[in-house]
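Working notes, structure below.
The values are calculated or read from the model by the stated rules, or taken from the named source; none is laboratory data. Please read all numbers here as calculations on a predicted model, not as lab measurements. Note that each Cβ is placed from the backbone with ideal geometry, even for glycine, and that neighbours are counted across all protein chains shown. Accessible surface is based on the protein model in full, side chains and every heavy atom, while ligands, DNA and RNA are left aside. Shrake-Rupley method; radii C 1.70, N 1.55, O 1.52, S 1.80 Å.
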Amino acid sequence: MENKILEAKDLKSLDEVRVEIFGKKGLLTEQFAKLKDLPNEEKKDFAKNLNIQKATLNKLFEHKKEELYLKHLEESLKAEAVDVSMFSHLQSAGALHPVQQTMDKIIDYFVSLNFEVQEGPLIEDDFHNFQALNLPVYHPARDMQDTFYLENGLVMRTHTSPVQIRYMQKSQPPFRMICPGSVFRRDFDITHTPMFHQVEGLVVDKSGKISFANLKYILEDFLKYMFGDVEVRFRPSFFPFTEPSTEVDISCIFCEGRGCRVCSHTGWLEVLGSGMVDANVFEAVGYRDVGGYAFGIGVERFAMLIHKIPDLRSLFEGDIRLLEQFR
Ligand code: DAH
C-alpha cells in the first residue's frame, strides 16, 4: 500500500489510490473487517498494528499530496507564464494617412473621367502664385491668403492654382487636369494648419464648348461620390481667378440638413470653391477664344468631414493612435 502512494504521479492518481486504500471498500477497511473473525486474544494486537499502519499511511498520503500539489502548482505557473519582457514579433500593419486616403479617392474620381494629374513646385514666384491668377501686386484680394514670403519675391505656394498657369503655359486646349499637393499659409487653429493639401482642377476647351452647366454637373457628381446622397448647393462668391465664382455647399452630413453645431445651424457645409476661368487668366498665358472652369478642393476639410475628426491639427501631430484607426 505504501508503494501505491509513493508511485502516484499526480493528484488525480493519488486520489484514486486514496479510494483504493481508505475508501469504504478499500484495502484498510478490508483488514479491519478481518477483526471479527479473529480469536479474542489476537484481536487487540491486530487492531493496534492496523491502527499504527493506518496512521503511517495517512501521514505518507498527506505528505505525497502536498508534494504533488506543489509540483502541479509549479508546472501550471510555468505553463501560464507571460514573459512581459519578450519582444513581440507580431507585425503591425501600416496604414495610409487619412489625408492621403482622401486625396487618393479624389484623384481616383477625376482620373476615371480622363483628367491628367499634374504637379508643380512648392516654392512659387509672385507671377504664378498671384499675378497670372488675376491678383496684381497691391491687390487687396491678396489678403485672402496669409502668405509665407521668402526672399527674392518668392513665396511658399498658398494654393495649387499656380499649377493651372504652369500647365497652360506648356500646353494647348482642350484638356482637363487636376493638381494635388501641399500648400502653405500663416494659419493655425482648430480648422487651419500652416501646411495643408488641395486638389486643383482645370478644364479648358474652345470658347462656346464649355459652360457653367459642365462645372455644375461634374462637381455635383463628384460630391455625391465623396459624401453619398447629399444635396449640393452653388452659392455666388468671389475668387480673383474666376468669373463668375461659386462656393459649393453640401447638405450637412451630420444632421442631414436640419441644423447642428458643425454646420453652424445652417444645414449646409461649405466644401469647395470654383468658377468659370476669368478672361484675365487666359490672357496672362496667351490663350484666345477659349473657355473653361476651375475648382479648388481642401483635402483636410474633406477628410475631417468624412471621418468626423474634430480638430484638423490632430492630422499632423504624428500620434500613432490616430493612424491606427485607419488600418
Ligand atoms: N485657390 C483657392 C483657395 O485656395 C481655391 C479655388 C477656388 C481654386 C476657386 C479654384 C477656384 O481653382 O476656381 O482658396
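In the set (1) more than 60 Å from the chain's Cα centre (by Cα); (2) open to solvent by less than 100 Å² (accessible area, probe 1.4 Å), the condition left unmet by residue 37 is number (2).
Taking the stated definitions as given, is residue 301 surrounded by fewer than 20 Cβ atoms within 10 Å (Cβ to Cβ), within 13 Å of the ligand (Cβ to nearest atom) and within 22 Å of residue 189 (Cα to Cα)? For residue 301, the condition - surrounded by fewer than 20 Cβ atoms within 10 Å (Cβ to Cβ), within 13 Å of the ligand (Cβ to nearest atom) and within 22 Å of residue 189 (Cα to Cα) - is met. Residue count for region 249-287 under the criterion of being over 17 Å from residue 166 (Cα atoms), open to solvent by less than 30 Å² (accessible area, probe 1.4 Å) and within 15 Å of the ligand (Cβ to nearest atom): the result is 7. Summed over region 12-50, the residues that are assigned to a helix (DSSP H, G or I) and closer than 30 Å to residue 72 by Cβ give a count of 14.
Within region 39-68, residues that are without any contact (Cβ under 8 Å) to a residue 60 or more places away in the chain reach no partner that is basic (Lys, Arg) and surrounded by 12 or more Cβ atoms within 10 Å (Cβ to Cβ) with beta carbons closer than 6 Å at six or more positions or on different chains. The residues listed here are 155, 163; of these, the one that is surrounded by 15 or more Cβ atoms within 10 Å (Cβ to Cβ), free of Cβ contacts under 8 Å to residues at least 60 places away in the same chain and touching a Cys at 6+ places or on another chain (Cβ under 7 Å) is 163. Of all residues in region 212-252, those that are closer than 16 Å to residue 201 by Cβ and in a loop (DSSP other than H, G, I, E, B) total 1. In region 313-322, the condition of being within 11 Å of the ligand (Cβ to nearest atom) and in the same structural domain as residue 110 (by TED's automatic domain parsing) is met by no residue. Of all residues assigned to region 185-196, none qualifies as being assigned by TED's automatic domain parsing to the domain that holds residue 291, in contact with a Pro (Cβ under 6 Å, 6 or more places away or on another chain) and within 16 Å of the ligand (Cβ to nearest atom). Taking the conditions exactly as written (polar (S, T, N, Q), assigned by TED's automatic domain parsing to the domain that holds residue 283 and more than 21 Å from residue 115 (Cβ to Cβ)), does residue 266 satisfy them or not? Answer is yes for this residue. Based on this model, can you work out whether residue 128 counts as touching a residue at least 40 places away in the same chain (Cβ under 8 Å) and either more than 23 Å from residue 157 (Cα to Cα) or open to solvent by less than 70 Å² (accessible area, probe 1.4 Å) (or both)? Answer is no for this residue. Condition (residue is open to solvent by 100 Å² or more (accessible area, probe 1.4 Å), in the same structural domain as residue 219 (by TED's automatic domain parsing) and over 30 Å from residue 316 (Cβ atoms)) applied to region 11-32: is it met by at least one residue? Scanning region 11-32, I find no residue that is open to solvent by 100 Å² or more (accessible area, probe 1.4 Å), in the same structural domain as residue 219 (by TED's automatic domain parsing) and over 30 Å from residue 316 (Cβ atoms), so the answer is no.
On the basis of being in contact with a helix residue (DSSP H, G or I) (Cβ under 6 Å, 6 or more places away or on another chain), assigned to a loop (DSSP other than H, G, I, E, B) and small (Gly, Ala, Ser), does residue 94 make the cut? Taking the combined requirement at face value, the residue does not satisfy it. Of the residues 244, 236, only one is in contact with a strand residue (DSSP E or B) (Cβ under 7 Å, 6 or more places away or on another chain), open to solvent by 70 Å² or more (accessible area, probe 1.4 Å) and either within 16 Å of the ligand (Cβ to nearest atom) or farther than 26 Å from residue 163 by Cβ (or both); which? Just a single option satisfies the conditions, and that option is 236.
Residues of region 194-230 that are surrounded by fewer than 16 Cβ atoms within 10 Å (Cβ to Cβ), at negative phi, in contact (Cβ under 8 Å) with a residue 24 or more places away in the chain and not hydrophobic (A, V, I, L, M, F, W, C): 194, 206, 207, 209, 211, 225. Evaluate the following for residue 290: is it at negative phi, near the ligand (Cβ under 10 Å from one of its atoms) and in contact with a helix residue (DSSP H, G or I) (Cβ under 9 Å, 6 or more places away or on another chain)? The answer is no for residue 290. Kindly evaluate residue 184 against the criterion of being in contact with a Lys or Arg (Cβ under 8 Å, 6 or more places away or on another chain), at pLDDT 95 or above and closer than 18 Å to residue 99 by Cβ. Judged against the criteria, residue 184 is a match.
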